[in-house]
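Here the structure is laid out as structure tokens; the discussion comes afterwards.
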Amino acid sequence: MRSFLLAITRNPISMVGAAIVTFSTAIVATLFLLQMTGFEGGPYVGILAYLVFPLLLLVGLILIPIGIRHENRRAAKRGGQRSFPVIDLNLDRTRRIVLVVVGLSVVNVMIFAIVTYKGVEVMESNEFCGTACHSVMQPEYTAYQHSPHARVACVECHIGSGADWFAKSKLSGAWQVISVTFDLYSRPISTPVHDLRPARETCEECHWPTRFVGNRLKIIDRHEDDEANTPLKTVLAMHIGGQKGGRSHGIHWHVDPEVEIRYRSDRSREAIYDVEMRLADGTVRTYLSPLQTEEGWEAEAGELEWRSMDCVDCHNRPTHIYGQPESEVDGALAAGELASLPYIRREAVAALSETFESHEAARDAIPKRIEAFYRDSYPDTLAAESKAVAAAGELLAELYCRNVFPTMNVTWGTYPDHIGHERSPGCYRCHDDEHETAEGDTISQDCDVCHGILAWDEEEPEILETLEF
Ligand code: HEC
Ligand code: HEC
Ligand code: HEC
Ligand code: HEC
Ligand code: HEC
């Protein structure tokens, strides 16, 4: 025992190693005990306790033998014998040392097992994904928290189950840590995500496309820019479809197991070139975009990649959903969160469409602007409803901060939404009546293929009265 201690204390490298080991073990143990007793320090405590200090501990453990080896070499150079320890288990002293070393190793292995388990848990937490990198993922994290998937963990869509994708994501994660540390990432983070796991292996853990949904009523609220903010409604019967009687119908036909659609596009996937459709019965059709008839179009188009269509080609914003000034204001008015003050629709959209340097600047300027409008044009309203005016200003500032992130260069429309055809070309990237086969078949833009239009910007749609909505 003494010679082991001597070996450690005789050389500075091992001493530093031993100090690091003692120090980090104490910290890991303390943080672990604190968490066991219910103390929650947020993601950073987890990162320190299960990622940073265990790494230090490992470094310390490695330094100890390196130091001993180094010291032995030096001793040998000085003419002393190269002293490899003679292990004689007949000596009580040696037996004790061996027991201590084995005992300590078992303890170390146990610490590492617990720590690895907890470390993985930390790395899979939404807080780690969403906040550990501060402003980098702030837009995605904020949008996610206000989406239908706010209770679904980031890793369920971005990694999924299975060891191979876990390893892959940690490899690309290591690169992400480097790019964040050295400020190499792009602002905004670019979309689409080219190495996203195929949606069939993630989304389909919870949803299955062959489930028959049939037609679903979709009601879209809008408001006029008049004094009364007159509400308008659009009512669509979405032909979502699914599988029925062994045959697939409607919108979810694209992801039926019997159907494969591949396409080539530019990297943004906004410009879609050839589309190839293969059906289980052997039908193959290739639709060419009109852009492809010109000589040398491939050079013009830049980098093209084949991609098999999956959920994310339409649902590219299932959780990182960003609005437009109009849709945010219409939504808030329809939900009753925004009071229907005179001309608030027009004024709110104008306020949100301005550019502010930071969230603080927006939180300062938007409420002032709204108040100024009512002070100048509707002083009576301001006097009678000062609280509602102030609340409107605050809500609008909040809506701005949920959608626009100046530090990441994310503004209205930075991330296009491919569902529909209003906010971006979306479905019309293919359904433009211009992608054509050699036989002259096109991908249809008939309004009835995707939805029945039951009402379009009407004040009191008859259909909703009939249905008693
Ligand atoms: C319901 C599934 C789902 C969940 C949950 C989810 N994401 Fe995403 N994420 C996506 C999809 C789909 C895309 C975009 C795919 C595309 O267009 O290539 C995406 C894109 C991103 C991007 C790239 C920028 C962009 O908006 O296109 C980042 C960064 C990101 N997600 C981070 C996160 C973080 C952090 C969390 C957890 C707080 C999270 N995601 C949770 C599905 C999800
Ligand atoms: C861990 C389970 C889970 C995973 C994985 C998941 N979802 Fe969901 N998804 C849900 C739940 C739960 C809801 C219902 C939320 C609600 O009703 O509020 C939902 C709702 C939806 C909706 C309807 C949203 C709406 O506006 O009503 C769409 C579309 C959707 N998911 C698409 C996707 C796509 C695309 C993916 C893969 C990128 C995905 N989901 C991955 C659980 C999941
Ligand atoms: C061709 C485009 C497209 C593809 C591909 C697609 N969807 Fe959809 N999906 C839609 C549209 C459009 C709607 C209706 C949206 C609406 O009403 O706003 C919808 C609706 C949904 C809903 C809500 C259904 C309900 O009951 O209200 C879920 C869940 C969903 N899709 C999941 C998926 C999943 C999972 C995949 C992949 C296996 C997928 N979708 C593939 C276009 C698509
Ligand atoms: C990558 C190209 C592509 C995109 C993007 C795309 N589609 Fe399609 N879609 C096709 C092709 C190809 C067909 C088959 C055309 C045919 O058979 O005439 C088709 C057929 C359909 C059909 C008819 C299915 C049936 O019952 O036979 C519907 C409905 C449809 N698409 C809806 C949508 C909607 C809604 C979107 C956007 C959310 C969309 N599509 C986006 C390529 C696409
Ligand atoms: C390829 C499928 C497809 C075709 C073809 C199509 N639409 Fe749509 N349309 C959609 C989808 C999907 C949405 C729903 C978007 C959403 O969920 O917000 C939509 C939404 C709409 C809306 C509501 C938009 C809003 O935000 O207020 C209107 C209006 C509309 N479509 C009109 C038309 C008309 C008119 C045509 C014919 C020229 C047409 N659509 C053809 C898929 C299609």
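Farthest toward the positive end of the dipole of the chain, out of H70, G162, H239, is the Cα of H70, where the dipole comes from beta carbon charges about the Cα centre. Modelled spin-label separation between V100 and Q145, with each label point placed 7 Å from Cα along the Cα-to-Cβ direction: 5.2 nm.
Evaluated over the Cα positions of the stretch 308-447, the convex hull gives a direction-averaged projected area, one quarter of its surface, of 11.2 nm².
Dividing the C-alpha radius of gyration of the stretch 325-408 by 2.2 N^0.38 Å, with N its residue count, gives 1.02.
Karplus-derived 3J(HN,Hα) values for the stretch 216-221, using 6.51 cos²θ - 1.76 cosθ + 1.60 with θ = phi - 60°, are 10, 6, 10, 10, 10, 8 Hz; glycine and proline are entered as x. Mean projected area of the Cα convex hull of the stretch 205-288, taken over all directions, amounts to 9.1 nm².
Where the alpha-carbon atoms of the chain are placed on the principal axes, they occupy 98, 71, 46 Å, in descending order.
The angle separating the long axis of helix 163-181 from the principal Cα axis of greatest extent in the chain is about 90 degrees. Per-residue 3J(HN,Hα) values for the stretch 250-255, derived from phi via the Karplus relation 6.51 cos²θ - 1.76 cosθ + 1.60 with θ = phi - 60°, read x, 5, 6, 4, 4, 10 Hz in sequence order (x marks Gly and Pro). Amide H contacts for L232 (H built 1.01 Å from N in the peptide plane; partners 5 or more residues away or on another chain; cut-off under 5 Å): R222, H223, E224.
Applying both filters, DSSP loop and at most 10 other Cβ atoms within 10 Å, to the GluC sites (Glu not before Pro) of the stretch 215-313 gives E294, E295, E303. Taking the Cα of D380, stepping 7 Å toward and past its beta carbon, and measuring to each backbone N in the stretch 321-344: which are under 18 Å? The answer is 340-344, whose backbone nitrogens lie closer than 18 Å to the label point.
Excluding same-chain residues fewer than 8 positions from K118, which lysines have a Cα within less than 18 Å of its Cα? Leaving aside lysines fewer than 8 places away in the same chain, those within reach of K118 are K170. Heavy atoms of the protein chains alone define the surface here; on that basis the stretch 391-462 has 52 Å² accessible area per residue at 1.4 Å probe size. Per residue, the average separation of C-alpha pairs within less than 8 Å and at least 6 apart gives the chain a relative contact order of 14 percent. Computed from phi, the 3J(HN,Hα) profile of the stretch 14-24 under the Karplus parametrisation 6.51, -1.76, 1.60 (θ = phi - 60°) reads 5, 5, 4, x, 5, 4, 4, 4, 4, 4, 6 Hz, with x in place of Gly and Pro.
One Cα centroid belongs to the stretch 221-241, the other to the stretch 369-410; the line between them spans 23 Å.
The values are calculated or read from the model by the stated rules, or taken from the named source; none is laboratory data. This structure is a prediction, so every number in the text was calculated from the model and none was measured. Heads up, the Cβs are rebuilt from the backbone with ideal geometry, glycines too, and the neighbour counts pull from every protein chain shown. For the accessible areas, the whole protein counts, side chains as well, though only heavy atoms, and no ligand, DNA or RNA atoms are used. Shrake-Rupley method; radii C 1.70, N 1.55, O 1.52, S 1.80 Å.
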